[in-house]
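For reference, the structure is listed below as structure tokens.
Please treat every number below as a calculation from the coordinates, not as lab data. Note that this is a predicted model, so its numbers are computed, not measured. Cβ atoms come from the backbone with ideal geometry, glycine included; neighbour counts cover every protein chain shown.
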Amino acid sequence: MKSRHFLLVFLLQVVAISVQAARVDTVFVKSPSMNKDIKVVYILPDKTMAEHPQACPVIYLLHGYSGNARSWIGLKPELPQIADEKGIIFVCPDGKNSWYWDSPKNPAYRYETFISSELVNYTDTHYATIPEKRARAISGLSMGGHGALWNAIRHKDIFGAAGSMSGGVDIRPFPNNWEMKRQLGELTANEAVWNSHTVINQVDKLANGDLALIIDCGESDFFLEVNKELHKRLLAYKIDHDFITRPGGHTGTYWNNSLDYHILFFCKFFNR
């Protein structure tokens, strides 16, 4: 009799887990501006899929150089549990090695348009979102940290909060790295283009309160100094923001931990 009781309890627990479980969808979203389909991973909390779905806020997560749409679910396998616990939709697009610009040199790369317009419109049309900037945040790691701030600052009407983890927030010290010159041309011949396509030079487009901002970087990261310079620039313009440095390098272990801070920050933003 006791063994039957334990079996019944176990089966009920399994049913409860299966009923309350986030779903991970991989879809292809059409980009009219690039005339191609872009792979996107959606992590959807259970409450958005109920018979009477509840609308949830959205966090867009951008991967780094050489990453893809599944990078974040690989770095943070517990994202489905977090989605259910917090009631958040996570959206993870494949940004190739685009740096999330609309490239002035390559018309096939219009990832700013895709992220800030086409993808947001698709998400709000197909899922139970709160389609307002107060419920929309964007963050990313490395190249994706640059991309998140780039898109948020330039589309303050779309995103209410933004973050960067180990972001390449000033690209100019790295002119021969990570295929940037394929998007912008050589730095020496295209200095004005590079100056206008680096996040640190977008700060003057911000007024205090336009965006809730969180920026962090590891103390052993090769992007630490450019992040400190961005912090100084934001202070000079009197833009409120959270700036954090912690022990760590440009690693998955650091980003797994860092994302927890960003989610906490964004949840506070969504709930205020």
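Given 0.36 nm per residue, what is the gain on full extension from Asn35 to Arg70 after removing their alpha carbon distance, in nm? Intermediate values should be presented prior to the final figure.
Working: separation 35, 0.36 × 35 = 12.60 nm, distance 2.20 nm.
That works out to 10.4 nm of additional length.
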Handout entry: Charge context of Arg172, other residues only, Cβ under 14 angstrom, K/R +1, D/E -1
Key = -3
Fill in the blank from the handout: With R₀ set to 25 angstrom, the calculated FRET efficiency between the beta-carbons of Phe28 and Glu179, to the nearest 0.05, is 0.60
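So, R0 is 22 Å and r is the distance between the beta-carbons of Glu51 and Asn121; what FRET efficiency does that work out to, to 0.05? Kindly include the intermediate steps, with their values, before the conclusion.
Values: r = 26 Å, r/R0 = 1.17.
Efficiency, from the Cβ-Cβ distance: 0.30.
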Practice task
Looking at the chain, send over the antiparallel percent of its DSSP beta bridges, to the nearest 5.
Solution key: 40 percent
Practice task
Could you give the spread of the C-alpha atoms of the chain along their three principal axes, from largest to smallest, in whole angstroms?
Solution key: 80, 42, 32
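Exceeding 25 Å between C-alpha atoms, which entries from my cross-link table qualify? They are Lys86/Lys238; Lys47/Lys133; Lys30/Lys86; Lys30/Lys156; Lys86/Lys133; Lys205/Lys228. Mind dumping the intermediate values first?
On the way: Lys86/Lys238 31 Å; Lys47/Lys133 21 Å; Lys30/Lys86 29 Å; Lys30/Lys156 23 Å; Lys86/Lys133 18 Å; Lys205/Lys228 19 Å.
Beyond 25 Å between Cα atoms: Lys86/Lys238; Lys30/Lys86.
Quick one: dipole size for the chain, taken about the Cα centre, charges +1 on Lys/Arg Cβ and -1 on Asp/Glu Cβ, in debye to the nearest 20.
Working: 29 positive and 28 negative charges, 63 e Å.
So the dipole magnitude of the chain works out to roughly 300 debye.
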Problem - Inter-label distance for Arg172 and Ala207, nm, one decimal - labels placed 7 Å from Cα along Cα-to-Cβ - result: 2.7 nm
Practice task
Before anything else, pin down the relative contact order of the stretch 23-271: Cα pairs under 8 Å, at least 6 apart, normalised by residue count, whole percent.
Solution key: 17 percent
Fill in the blank from the handout: Expressed in nanometres to one decimal, the distance between label points 7 Å along Cα→Cβ at Thr245 and Glu225 is 1.2 nm
